[in-house]
Amino acid sequence: DGGITQSPKYLFRKEGQNVTLSCEQNLNHDAMYWYRQDPGQGLRLIYYSQIVNDFQKGDIAEGYSVSREKKESFPLTVTSAQKNPTAFYLCASYGGGYQPQHFGDGTRLSIL
Amino acid sequence: AQTVTQSQPEMSVQEAETVTLSCTYDTSESDYYLFWYKQPPSRQMILVIRQEAYKQQNATENRFSVNFQKAAKSFSLKISDSQLGDAAMYFCAYRPLYTNTGNQFYFGTGTSLTVIP
């Protein structure tokens, strides 16, 4: 079955450390997205990519970085510049037209 | 700016009753898509229902239906015969058909639905 795989499910970051969240899709979708979700809140867009080797900042890109070297993969790095990284992170993809976004199961990031 | 507003942070419904969640959006576009997603405690985002703006007929998926009022920019979700498994956070989302900002989706802040046995 096609879908989006996010890993790991849980991740802990030490102070001053960069961590990378993985997102892989086998839906053959061009567009991919990263969202941050804080407790009881909605989804805030961090970065999105419409095509390989291209990506755009979303509303809260500071302290995060991404790459899109392959169509299937869109990893998110949470850098040490992100002072409040504790949140739930969702990756999504979109295949165009009337289709909805498809979401992974998320990664919960916590500070040690 | 394109914004989606869900004015009810929390709602509750008695099991087997009907509940309506509200959503309004702000746009100058005439062609767009609207979606309702459900996020249960597992945190999975599950598509509930979707609507194309050019279609006047309201979408229906089993116990879930929408009331789409284009002029009022309103897209409410009605859940009939509520079940315990309907308890979740519900998000309304909007995507313009044509945009110069890429294929962005705009989400509301969500409504937390409690189902009372």
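Condition test on residue B:113, is it in a strand (DSSP E or B) and within 11 Å of another protein chain (Cβ to nearest Cβ)? Considered against the rule, which asks whether it is in a strand (DSSP E or B) and within 11 Å of another protein chain (Cβ to nearest Cβ), residue B:113 comes out as no. Residue A:63 fulfils the conditions (1) open to solvent by less than 30 Å² (accessible area, probe 1.4 Å); (2) out of contact with any Ser or Thr (no Cβ under 9 Å at 6 or more places or on another chain); (3) farther than 28 Å from residue B:35 by Cα except for a single criterion, (2).
Name the single residue that is nearest to the other protein chains (Cβ to nearest Cβ) among those in the range A:38-67 being small (Gly, Ala, Ser) and closer than 20 Å to residue B:5 by Cβ. The qualifying residue nearest to the other protein chains (Cβ to nearest Cβ) is A:42. Number of residues in the range B:84-117 that are open to solvent by 30 Å² or more (accessible area, probe 1.4 Å), touching a Ser or Thr at 6+ places or on another chain (Cβ under 7 Å) and β-branched (Val, Ile, Thr): the value is 2.
Within the range A:23-37, if we keep just the residues that are within 11 Å of chain B (Cβ to nearest Cβ) and not in a strand (DSSP E or B), the residue that is farthest from residue B:42 (Cα to Cα) turns out to be A:30.
Might you let me know whether the range A:13-22 holds any residue that is of a type in the set (Lys, Arg) and either more than 10 Å from chain B (Cβ to nearest Cβ) or within 19 Å of residue B:92 (Cα to Cα) (or both)? The answer is yes; a qualifying residue exists. Applying a threshold of 8 Å to beta carbon distances and a minimum spacing of six or more residues, or different chains, the list of pairs starting in the range A:80-100 at a residue that is facing chain B (nearest Cβ under 7 Å) and closer than 21 Å to residue A:110 by Cα and ending at one that is modelled with pLDDT of 90 or more and open to solvent by 60 Å² or more (accessible area, probe 1.4 Å) reads A:88/A:108.
The values are calculated or read from the model by the stated rules, or taken from the named source; none is laboratory data. In this text the structure is predicted, and so the values were computed from the model without any measurement. FYI the Cβ positions are ideal-geometry reconstructions off the backbone, even for glycines, and counts take in every protein chain you see. In case anyone asks, the SASA skips ligands and DNA or RNA and just uses the protein heavy atoms, side chains included. Shrake-Rupley method; radii C 1.70, N 1.55, O 1.52, S 1.80 Å.
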